[in-house]
Structures are given as C-alpha cells and as structure tokens.
Ligand SMILES: CC(C)(COP(=O)(O)OP(=O)(O)OC[C@H]1O[C@@H](n2cnc3c(N)ncnc32)[C@H](O)[C@@H]1OP(=O)(O)O)[C@@H](O)C(=O)NCCC(=O)NCCS
C-alpha cells in the first residue's frame, strides 16, 4: 500500500475520496450519514492503535471528523488483548487478530507519547497498513496547511497559514499554530498548546498541556529540538537543545535525556 504522504487541505478531499468517500466533495460536511448512503462505495475499515484515554478520544473524533463518512471503525488494537474486552462499546483486538482480520484497513495511532507512536507506526507500515489523516469538523485551517499521513487534529484547534505538519503528528484539543510553523514527524501538541509564528518543532518533541512557544522570525525560526519535552504550562522563549526537558516561565533546561 502506498503511503499517503504530505497533503494540503484541498488534497485531503481527493485522498479521502479514494477511501470510499462520496463523489460530491462533501467529505468535510458535518452531515451524519452512513458510508453506503446514496450508493457510494463501502467505507474503509479503520482501527485505532491503543485503547487508552487518547485512543478513546480519537474514536470520539471519528463521529465528527471532516471525512467522517468514509470510515467503518472496527475497534481498538492492543498488543495482547483479552479476546472479550471492549472499550466504550468497541472491541479491543490483539495486533495479530487485527492484522489477520482486516488486511485492507487503515490505522490511526492513538498513543500520545511520540516514541511509542513511532514504534507502532513502523510496525503498521511494515505490515502494509496505511494511516488516515483525521481532522475534527470544528478545526479551522487554511488551504496552505500541509498535513502528513497519520496526523490527527483534534476539536477546537486552529492552524493558520503556510504550516507544514509532518507524519503522525498529534495536535490535541484547542491548540493554535501560527503562520510559517513547521512541526516534524511524531511531535505531540497536548491540549491548549499555542505555537506562535515562525516556530519549528523537531521530530518527536512532546509539548505539554497549556505550553506556549513564542515566535521566531522568518530568518531565524524558534526551534524546539527533536525529542524535547516541554513541561505543562511552560513558556518557551528561545531555542531548545535536542532531547532535553524544559519547564517554567520562561522555560529553562531541567534535564538531558541522553
Ligand atoms: C515534565 C513532566 C513530563 C515531568 O517529567 P519528569 O521527567 O518526571 O520531570 P520531574 O518531575 O523529574 O521534574 C524535573 C524538574 O522539572 C520541574 N517541572 C516538572 N514539570 C513542571 C511543570 N509542569 N512546570 C514547572 N516545572 C516543572 C520539576 O519541578 C523539576 O524541577 P527541579 O529539577 O528544579 O526540582 C510533567 O511534569 C509534565 O509537565 N507533563 C506534561 C503532561 C501533559 O501535558 N500531558 C498531556 C496529556 S493529554
């Protein structure tokens, strides 16, 4: 299966159309219809890897996702699932059972920790699974926002102009991302994070709840180093080193991970 790769908002419609959406360009409508209504192709089967808090929130997002009508949610995936377990009324499938039962499904990775998400994404890719882009219907963003495959943008977030979001990035509830920002693969923005303009967030960085990243400039973007953890409530005012924890207002280096 081919990877979806980067896409802008206009292209999201076309790509999701290939997942069984209707032909009318109505994938962004909030109308709750079944995937087969009107004779369109059957919905693409989809599972969420993980069954914890964020995975359950992603399942909720599906009920109001911009491309909501194109997915048939088959359940959550856990590495060693009890065969009879359910979460929020949906089955929890073992990886083995899922991959044998739904070889043509797509997978959303519902795990907030960047490093864990990367491992699961690699496993899914190696087994031939693709990843949907999920955007809650309330999200506001311009046509100049590019999103990588597997990225998830949750309820209430706003992404303005000329923003590049990599693969498997999570933008949790109520975040804002300003102009000319770049967010690399597997980064996580926790709820209520504000990323100002001309900021570059490195691969697998984790930005805690309510943190603010102040703006850089076009010539000198503010860089959050790859693998950084920014503590909840921090205000980052200058570049951070890779693989370090920063906390406080203004944020200061607290520890190095490697
Ligand atoms: C940073 C965090 C991950 C803790 O990491 P940790 O490696 O266990 O860090 P520690 O608890 O050892 O703290 C290290 C230092 O950072 C400080 N610190 C940790 N979190 C802080 C915060 N949110 N604000 C200010 N200082 C903080 C500690 O006081 C300590 O400071 P000191 O060394 O001067 O005493 C955690 O506090 C945090 O902010 N998590 C974000 C959770 C979140 O947003 N989840 C989203 C769920 S959807």
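The values are calculated or read from the model by the stated rules, or taken from the named source; none is laboratory data. Bear in mind the structure is a predicted one, so any value in this text is a computation, not a measurement. As a convention, Cβ positions derive from the backbone with ideal geometry for all residues, glycine included, and neighbour counts pool all protein chains shown.
Computed values, structure above
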quantity	calculated
Any chance residue 161 is within 12 Å of the ligand (Cβ to nearest atom) and under 30 Å from residue 106 (Cα atoms)	no
Selected residue [within 15 Å of the ligand (Cβ to nearest atom) and closer than 18 Å to residue 153 by Cα] from 258, 193, 252	193
Criterion (buried (at least 18 other Cβ atoms within 10 Å of the Cβ), touching a residue at least 60 places away in the same chain (Cβ under 8 Å) and assigned to a loop (DSSP other than H, G, I, E, B)) met by exactly one of 149, 138	149
Identity of the residue in region 204-220, buried (at least 19 other Cβ atoms within 10 Å of the Cβ) and part of a loop (DSSP other than H, G, I, E, B), that ends up farthest from the ligand (Cβ to nearest atom)	216
Residue 137 being away from the ligand (no atom under 16 Å from the Cβ) and at pLDDT below 95	yes
Single unsatisfied condition, residue 127 versus (1) more than 16 Å from the ligand (Cβ to nearest atom); (2) crowded, with 24+ Cβ neighbours inside 10 Å; (3) farther than 21 Å from residue 57 by Cα	(2)
Enumeration of residues in region 165-187 that are over 13 Å from the mean Cα position of the chain (by Cα) and either closer than 26 Å to residue 106 by Cα or not assigned by TED's automatic domain parsing to the domain that holds residue 199 (or both)	174, 182
Any hit, region 164-186, residues being within 15 Å of the ligand (Cβ to nearest atom), in a strand (DSSP E or B) and surrounded by fewer than 24 Cβ atoms within 10 Å (Cβ to Cβ)	no
Residue list for region 221-242, restricted to those being in a loop (DSSP other than H, G, I, E, B), surrounded by fewer than 20 Cβ atoms within 10 Å (Cβ to Cβ) and within 12 Å of the ligand (Cβ to nearest atom)	231, 232, 233
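Every residue, every condition in (1) farther than 18 Å from residue 78 by Cα; (2) in contact (Cβ under 8 Å) with a residue 40 or more places away in the chain; (3) touching a helix residue (DSSP H, G or I) at 6+ places or on another chain (Cβ under 7 Å); (4) not assigned by TED's automatic domain parsing to the domain that holds residue 203, yes or no:
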| position | (1), (2), (3), (4) |
| --- | --- |
| 114 | no, yes, no, yes |
| 122 | no, no, no, yes |
| 126 | no, no, no, yes |
| 145 | yes, yes, yes, no |
| 157 | yes, no, no, no |
